[in-house]
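Asker: Below you'll find the structure I mean.
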Amino acid sequence: MYLHPELETLSRPEIEVLQLERLKKTVAQCMNSPFYRKRFADHHIKPEDIRSLDDLKKIPFTTKQDLRDNYPFGLAAVPMEQVVRLHSSSGTTGTPTVILHTQKDLDEWANAVARCLYMVGLRPGDIFQNSSGYGMFTGGLGFQYGAERLGMLTVPAAAGNTKRQIKFITDFGTTALHAIPSYAGRLYEVMEEMGIDPKRDTKLHTLIIGAEPHSEEQRRRIEEMLGVKAYNSFGMSEMCGPGVAFECKKQNGLHIWEDYYIVEIVDPQTLEPVPEGEVGELVLTTINREAMPLLRYRTRDLTRILPGDCPCGRHHIRLDRMKGRSDDMMILKGVNIFPIQIETILMQFAELGNDYLITLTNEEANDLMTVEVELKEFCDDYPRLQALTKEITRQLKDEILITPIVRLVPKGSLPKQEGKAVRVNDLRKTLI
Ligand code: ADP
Ligand code: ZN
């Protein structure tokens, strides 16, 4: 059984007392890292200056660039003999970064993941299948150890080979599956081709979806297609991996475990805290890690803290569904647009499938956006397709304030990725 269930239900004052105690310990630990020692010296701060949670603001931010500049081991805060594993981010946005773990770090990480899985009702007796890639991608081993810690029978199916994935689900009676949202749609399509009805022919009741931005509409689709409850899971390699924030059964925001992380939301431009409840960049400080603690790490993910208490009774604050990363933002004709805004509109049309691709081009000084989206079923009723295209274009324009070119394409025709879905293809040339 997983450790420390009492920390899951701490009251607000108890959370803050624990956070301060752990923050002080973490800052002291950081002084073993050449990177933080220099950072503190350069900014004339001493560990003793951190006396309250508010004092955290005295510490400069840590960025992905810092991790790259000190690649691979420059942030180690323990002797390397104590490091038992490293993970590397999947490098979606440039050079990979490395995160180091002691055995205690791995144990705590497994506990966090187990806590998340327990929170959504999974128990020993459940059969948990993981369709994440194993290896450097933290969704593999992260969920593996967490699910084992909880005491479920685990099926480490890993990524790829969808037919085999489905055979495992039916043969082993898999009840819970971890899949990235874009892959959940793919699974359903292949099930259909194989004549398998997930509601009739499988025991699936819970899906864990995360690792990439997705809309509420996409979640509802996954739930309906597969006949499951689907819970949003948020994590990143720099914060261990999965297990950072997770929805509870109420599905109204993701509880972030504040005995592991201190949360700040800042304006990405000014780096000042945003007013309560507003969207900004998520900044996290690890307070339960030995090998490579990170202070005020700028995640580049945009979200907000949801106000009020969760009816589930847990007091760890809730993050809103991620809006995307600051670097996912497209700027067209001076308008800021996130792919998730487009997805939210597309997924409301029952005629459309789950896959879409946004291509950006420019001719002379004119930015153009083309949205290709797969149809759910074959259709050659051209007047109907035309009317549908027109309506999608209208709704997109309402949302993003520019008029995209919408193309309805046959099911299965857009490129499929093994890992996280690529939603934007920016082919714009720099114009002089
Ligand atoms: P990479 O940074 O190379 O993609 P990671 O696997 O560490 O490698 O990815 C973490 C990132 O994935 C997060 O910073 C966030 O942008 C995205 N992400 C993870 N979980 C979610 C989620 N539930 N919703 C939206 N985005 C997510
Ligand atoms: Zn809750």
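Asker: Considering only residues that are open to solvent by 10 Å² or more (accessible area, probe 1.4 Å) and at pLDDT 95 or above, which ones fall in segment 314-326?
Answerer: Within segment 314-326, 314, 315, 317, 318, 320, 321, 322 qualify.
Asker: I'm told residue 309 meets every condition in (1) free of Cβ contacts under 8 Å to residues at least 60 places away in the same chain; (2) under 20 Å from the mean Cα position of the chain (by Cα); (3) part of a loop (DSSP other than H, G, I, E, B) except one. Can you identify the failing condition by its number?
Answerer: Of (1) free of Cβ contacts under 8 Å to residues at least 60 places away in the same chain; (2) under 20 Å from the mean Cα position of the chain (by Cα); (3) part of a loop (DSSP other than H, G, I, E, B), only one is false for residue 309: (2).
Asker: To continue, here is another question. Within segment 8-18, is even one residue loosely packed, with under 15 Cβ neighbours inside 10 Å, of a type outside the set (D, E, K, R) and in contact with a Pro (Cβ under 9 Å, 6 or more places away or on another chain)?
Answerer: no
Asker: What's the number of the condition residue 291 fails, among (1) within 24 Å of residue 74 (Cα to Cα); (2) hydrophobic (A, V, I, L, M, F, W, C); (3) within 16 Å of ligand 2 (Cβ to nearest atom)?
Answerer: Among (1) within 24 Å of residue 74 (Cα to Cα); (2) hydrophobic (A, V, I, L, M, F, W, C); (3) within 16 Å of ligand 2 (Cβ to nearest atom), the lone unmet condition for residue 291 is (3).
Asker: Is it fair to say residue 85 is at pLDDT below 95, surrounded by fewer than 21 Cβ atoms within 10 Å (Cβ to Cβ), closer than 27 Å to residue 35 by Cα and among the charged types (D, E, K, R)?
Answerer: In short, no.
Asker: Go over the candidates 416, 420, 376, 397 one by one and state the one that is in the same structural domain as residue 335 (by TED's automatic domain parsing) and farther than 24 Å from residue 212 by Cα.
Answerer: Matching residue, one of 416, 420, 376, 397: 397.
Asker: Quick check on segment 294-312: of everything there that is modelled with pLDDT of 95 or more and within 23 Å of residue 5 (Cα to Cα), which residue is least open to solvent (accessible area, probe 1.4 Å)?
Answerer: Per the stated criteria, the residue is 310.
Asker: Now for a separate question. Within segment 235-264, can you find the residues that are within 16 Å of ligand 2 (Cβ to nearest atom), open to solvent by 20 Å² or more (accessible area, probe 1.4 Å) and touching a residue at least 60 places away in the same chain (Cβ under 8 Å)?
Answerer: 249, 250, 252
Asker: Here's a check for you: in segment 269-290, which residue that is over 27 Å from residue 6 (Cα atoms), within 16 Å of ligand 1 (Cβ to nearest atom) and crowded, with 17+ Cβ neighbours inside 10 Å is nearest to the chain's Cα centre (by Cα)?
Answerer: 281
Asker: Right, next: Does segment 93-118 hold any residues that are within 16 Å of ligand 2 (Cβ to nearest atom) and open to solvent by 20 Å² or more (accessible area, probe 1.4 Å), and which are they?
Answerer: 118 - this is the single residue of segment 93-118 that is within 16 Å of ligand 2 (Cβ to nearest atom) and open to solvent by 20 Å² or more (accessible area, probe 1.4 Å).
The values are calculated or read from the model by the stated rules, or taken from the named source; none is laboratory data. Remember, predicted model here, so these are calculated numbers, not experimental data. With ideal geometry, Cβ positions are generated from the backbone for all residues, glycine too; neighbour counts draw on all protein chains shown. Heads up: the accessible areas ignore ligands, DNA and RNA and are worked out on the full protein's heavy atoms, side chains in. Shrake-Rupley method; radii C 1.70, N 1.55, O 1.52, S 1.80 Å.
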